[in-house]
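A short write-up of the structure that comes next.
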Amino acid sequence: MEQSIAQKLNVIASNLPTEVTLVAVSKTKPNVALEEAYEAGQRIFGENRVQEMVDKFETLPKDIQWHMIGHVQGNKIKYMAPFVSMVHGMDKAKRLKELNKEAEKNNRVIDCLVQMHIAKEESKFGFDYAEAEALFEEGLEKKYPNVNVRGLMGMATNTEDETVVRAEFKELSDFFKKIKQIVKLPAFNVLSMGMSGDYTIAIEEGSTMVRIGSSIFGSR
Ligand SMILES: *Cc1c(COP(=O)(O)O)cnc(C)c1O
């Protein structure tokens, strides 16, 4: 018999190292699916469309922490700024500026991650290593006081070849350590990497936050 959402969630969650945070990626899934995961104890959910996340925020329990994991459009930030818990996809300096502005309007400091382009595919968004290093050298806290850049996010190439995936995660993990030396803030401690197909490799290479959808909720 097919395992329930709660069973799949429990197996995954109980096997994660304690220092790794699980974001249950619930994009495209109906509220009943999220409610089942919530009943099983999950409180952090990841969505990739702002409107869908707003609808779910309005109808589901208020102690859920909502993570925006998808590509962020500047004109949509205002809709999530009142409640979003973490924004993973900061892929341009302009996005940080926009998020800062909307956070300020809401009297909030919003956690976010700088998205790195680590995959071979052209379609994936994000900074390359040199651009990101320059960004952090500028000192982001003073420039964007209403955003709290908590770390980095990246997606490996979508391939069966484990050596490629591992090498990309390792490179990002090494870069994260280097940037930590520049930032020197204790709260700069999140490395979001790993999805259903590659999260065990990501954890071996130093991930502190995994974004898992289909292994919990089924295919989309
Ligand atoms: C959809 C998505 C995930 C989850 O993918 P699964 O393969 O279903 O685990 C993780 N991260 C991002 C950025 C996504 O868009």
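Modelled this way, with points 7 Å down the Cα-to-C-beta line, the labels at residue 6 and residue 181 are 4.9 nm from one another. Based on Cα contacts under 8 Å between residues 6+ apart, the chain shows a relative contact order of 19 percent. In this structure the amide hydrogen of residue 90, modeled in the peptide plane, comes within under 5 Å of the amide hydrogens of 113, 115, none closer than 5 places in sequence on its chain.
From the mean inverse distance of alpha carbon pairs (Kirkwood) and the Cα radius of gyration, derive Rg over Rh for segment 22-73.
So for segment 22-73, dividing Rg by the Kirkwood Rh gives 0.92.
Net charge of the neighbourhood of residue 42, taken over other residues with C-beta under 14 Å away and scored Lys/Arg +1, Asp/Glu -1, is 0.
A DSSP coil position with no more than 14 other Cβ atoms inside 10 Å describes the following GluC sites (Glu not before Pro) in segment 123-220: 138, 160.
To put it simply, the accessible area of the chain at a 1.4 Å probe is 50 percent carbon and sulfur.
The values are calculated or read from the model by the stated rules, or taken from the named source; none is laboratory data. Remember, predicted model here, so these are calculated numbers, not experimental data. For neighbour counting, all protein chains shown are included, and Cβ atoms are generated from backbone atoms with ideal geometry for every residue, glycine included. Heavy atoms of the whole protein, side chains included, go into the accessibility calculation; ligands, DNA and RNA do not. Shrake-Rupley method; radii C 1.70, N 1.55, O 1.52, S 1.80 Å.
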